[in-house]
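Engineer: Submitted below is the structure of interest, expressed as structure tokens.
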Amino acid sequence: MRVNRGNGNRTLMNAKRHWELYLLVLLPVLYLIVFKYVPMVGVQIAFKDFNVIKGIWGSPWVGFKHFENFFHSPNFWLLIKNTIGISLYSLIAGFPVPILLALALNEVRTGFFKRSVQMITYAPHFISTVVMVSIIVLILTPHVGIVDRLFTFLGLPTTNFLGVPEYFKSIYVWSGVWQELGYASIIYIAALAGVDPSLYEAARMDGASRLKKIIHIDLPALVPITIIMLILSLGSVMGVGFEKIYLMQNPLNASSSEVISTYVYKVGLVGANFSFSAAVGLFNSMINLVLLLSVNFIARRVSQTSLW
Amino acid sequence: MFSKNKIKEPLGDRMLLIVIYIALTAVMLVVLYPLLYIFSSSLSSPSAIVSGKVWLFPVDFSIKAYASIFRSTQLMMGYYNTIIYTVVGTLINVVFTVLLAFPLAQRTFPARKIIMIFMMITLFFDGGLIPTYLLVKNLHMLDTRWALWLPGALSIFQVIVARTFFQTSIPEELAEAARMDGCRDSRFLVSIVLPLSKPILAVMTLMYAVGHWNAYFDALIYLRSENLFPLQYVLRNVLLLNAADPEMLANTAQKLRDQGFEQALKYALIVVACIPVLIMYPFVQKHFVKGVMIGSLKG
């Protein structure tokens with residue numbers, strides 16, 4: 001605020017006074033330039049025919065060739081369908097659960113029970129993807145895994161769950177819900193903790209029931225943060241996590257588990273088809289960005305809440 | 001004070017509360033059961049696992065699987081590498097994050113806005129897998145430890161959280177008073193801000209450390225030499241590709257192998273892989289809740 005009142009001279013003095021701050025940010029800014037901005041420029045590889053000897057800059061331009069190849073490839077619609085399908089499924093199944101958990105926990109008075117629920121439900125978040133997928137595989141192994149034994153116990157046929165394409169999305173999504181529901185609820189719990197206690201007192205004076213209180217005080221309090229989280233999740237619809245899907249994939253379920261990120265990895269790094277793979281990746285990020293911007297725009301129009 | 005006037009809760013409210021308690025208990029059990037099952041299986045005999053006797057508690061208590069894990073040089077190497085990646089990587093992360101977040105929190109810092117925008121842009125656009133890989137390759141960092149430390153040296157999310165903390169928890173008067181006394185910015189950061197920021201530093205360290213401990217993807221794309229592989233990469237080979245280190249199976253009779261010793265080994269491996277995080281977890285659990293809350297306040 002003091003800077004605003006001053007003129008150019010003042011700003012210069014300010015800059016001199018803060019030379020140490022400039023020195024401090026130097027390293028991180030250098031990091032951002034090298035590891036974030038250089039790859040952004042490197043995206044041009046998607047419009048070139050990459051040649052290892054000539055490098056990114058020396059390789060010849062080919063326009064949208066790689067994009068066209070991708071659009072016409074037989075995999076195109078399958079990849080789009082799987083990517084959006086898995087992502088929307090995760091969103092619809094996983095989004096409401098943490099909110100419900102936060103609302104329920106908010107009704108419980110602080111104590112041993114509440115702390116136990118929180119501690120236990122947060123824990124799976126810290127399990128690594130490799131271990132998580134191993135757990136899924138072990139639990140679902142035919143004959144030995146606990147789920148299949150339960151099936152046998154109930155008289156259902158033995159199934160190789162991870163080998164059935166139709167099951168893949170559900171296994172992926174619900175194991176994700178299991179792993180993240182507790183941790184994802186933290187942000188909503190924080191929002192509920194910020195509600196003015198006088199609102200609850202007033203509601204009690206007016207004779208509102210617990211349910212009414214949840215509907216008329218808690219839910220409206222969660223609206224802004226919910227919209228923010230929704231924008232963020234919709235903005236990453238095309239960015240389904242690579243690691244977990246890649247690790248859960250096998251030849252049997254490939255028809256429903258191949259998504260854009262796994263495809264980019266396989267074609268690009270395994271197949272050394274750099275330019276084509278980069279084009280697929282760029283196409284994916286562009287859709288993501290457009291989605292994020294439009295959802296943010298709509299949210300701002302409808303609810304006055306947005307990311308910026 | 002008003003306890004005498006406290007009205008007994010109406011029936012509907014008590015019913016709702018009962019439903020909530022039941023639901024929360026159910027959720028807790030659903031989350032807990034698989035973890036308990038894996039732990040119990042890891043302590044059961046292979047034959048008990050294969051014949052499906054384990055449902056809740058260990059059957060035919062046995063620590064053979066654990067014993068053979070510690071024979072595996074591959075795995076011990078993985079452990080050793082992961083510790084190096086985690087310690088050095090987290091140190092780099094925390095230093096970089098503070099170096100960026102502290103100046104961004106100083107309201108009088110002229111370049112604050114432009115650096116903020118410069119930083120936020122990287123959240124929305126990024127080069128993607130291939131250009132990043134080629135960069136790491138051109139920097140000659142392929143198949144070196146640097147590939148696991150430098151490309152992810154900073155998380156923008158953590159910078160925002162730390163900046164918000166510095167802004168909201170360190171009073172501006174403190175900075176002014178310090179400057180009046182001739183305290184330079186760097187001195188202010190080291191002697192005043194950092195000692196006051198222990199909670200946020202703890203949360204940040206945990207988040208970054210868990211990230212390094214669990215990281216697998218970077219090793220997959222950047223590393224080729226076996227002696228550099230982190231734990232998660234070794235785990236993936238053993239657990240998912242069924243490529244167990246022969247040393248783990250040494251001294252194990254063929255008959256025992258047929259009875260599902262490898263299965264028992266996997267359960268034990270999962271437990272061993274999770275132990276460090278599980279030990280840390282109870283100590284920092286309440287801190288990270290605070291950390292997310294600080295982050296969610298937004299600056």
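Engineer: For a 30 Å ceiling on Cα separation, which of these pairs sit above it: A:Lys36/A:Lys114; A:Lys169/A:Lys266; A:Lys114/A:Lys213?
Structural biologist: In this structure, A:Lys36/A:Lys114 lie more than 30 Å apart at Cα.
Engineer: Probe of 1.4 angstrom, ligands and nucleic acids ignored: what's the accessible area per residue over the range A:26-164, in square angstrom?
Structural biologist: That works out to 48 Å² per residue.
Engineer: Give me the one-decimal nm value for the distance between modelled label points at A:Asp206 and B:Leu123, 7 Å along each residue's Cα-to-Cβ direction.
Structural biologist: Inter-label distance under the simple model: 3.6 nm.
Engineer: In units of 2.2 N^0.38 Å, what is the alpha-carbon radius of gyration of the protein assembly as shown?
Structural biologist: So the Cα radius of gyration is 1.06 times the expected 2.2 N^0.38 Å.
Engineer: Mind checking the per residue accessible area of the range B:64-297 for me, 1.4 Å probe, whole number of Å²?
Structural biologist: Accessible surface, normalised per residue, equals 44 Å².
Engineer: Using a loss threshold of 30 Å², tell me which positions in the range A:160-192 are less accessible in the complex than in their chain alone. Probe radius 1.4 Å, ligands and nucleic acids ignored.
Structural biologist: A:Trp178, A:Tyr183, A:Ile186, A:Ile187, A:Ala190
Engineer: Also, I was wondering about something else. If I compute solvent accessible area with a 1.4 Å probe over the protein chains, what percent of it on the range B:173-247 is carbon and sulfur?
Structural biologist: After summing per-atom areas, the C and S share lands at 58 percent.
Engineer: What does the buried accessible surface come to for A and B, summed over both chains, with the probe at 1.4 Å? Round to 100 Å².
Structural biologist: Approximately 8400 Å², summed over both chains.
Engineer: Under the Karplus relation 6.51 cos²θ - 1.76 cosθ + 1.60, θ = phi - 60°, what is the ordered set of whole-Hz ³J(HN,Hα) values for the range A:233-240, x standing for Gly and Pro?
Structural biologist: Calculated HN-Hα couplings, in order: 6, 5, x, 10, 4, 7, x, 4 Hz.
Engineer: Oh, and also: Evaluate the distance, in nm, between pseudo-label points positioned 7 Å from the Cα of B:Leu194 and of A:Ser233 along their respective Cα→Cβ axes.
Structural biologist: 4.0
Engineer: Just need the Rg to Rh number for chain A, please, alpha carbons only, Kirkwood Rh.
Structural biologist: 1.06
Engineer: Something else now. For the range B:10-83, give the percent of accessible area contributed by carbon and sulfur heavy atoms, probe 1.4 Å, rounded to a whole number.
Structural biologist: 81
Engineer: Collect residues whose amide H, placed 1.01 Å from N in the peptide plane, falls under 5 Å from the amide H of A:Asn273; neighbours closer than 5 in sequence don't count.
Structural biologist: Under 5 Å from the amide H of A:Asn273: A:Gly268.
Engineer: Ignoring ligands, DNA and RNA, what percent of the accessible area of chain A is carbon or sulfur (1.4 Å)?
Structural biologist: 68
Engineer: Still on this structure: Cross-chain or 8 or more residues apart, Cα under 24 Å: how many lysine pairs in the range B:64-297 fit that? Count them up, please.
Structural biologist: Eligible lysine pairs with Cα atoms under 24 Å apart amount to 5.
Engineer: When you look at the Cβ of every residue in B:183-193, what mean number of other chain Cβ atoms sits within 10 Å?
Structural biologist: Counting other chains' Cβ atoms within 10 Å and averaging over B:183-193 gives 2.
Engineer: In addition: Provide, for q = 0.09, 0.13, 0.16 Å⁻¹, the log10 of I(q)/I(0) from a solvent-free Debye sum over equal Cα point scatterers in the range B:64-297.
Structural biologist: Each listed q corresponds, in turn, to -0.51, -0.89, -1.15.
Engineer: How about the range A:131-155: which of its residues lose at least 30 Å² of accessible area in the presence of all protein chains relative to their chain isolated, using a 1.4 Å probe?
Structural biologist: A:Val131, A:Ser134, A:Ile135, A:Leu138, A:Ile139, A:Val144, A:Ile146, A:Arg149
Engineer: Continuing with the same structure: For A:Lys48, list long-range residues whose amide hydrogen, built 1.01 Å from N in the peptide plane, is under 5 Å from its own amide hydrogen.
Structural biologist: A:Val62
The values are calculated or read from the model by the stated rules, or taken from the named source; none is laboratory data. What you see is a predicted model; the values in this text were computed from it and never measured. Every residue, glycine as well, gets a Cβ built from its backbone with ideal geometry; the counts of neighbours run over all protein chains shown. Ligands, DNA and RNA are stripped out before the accessible areas are found, and what is left, the full protein with its side chains, is counted by its heavy atoms. Shrake-Rupley method; radii C 1.70, N 1.55, O 1.52, S 1.80 Å.
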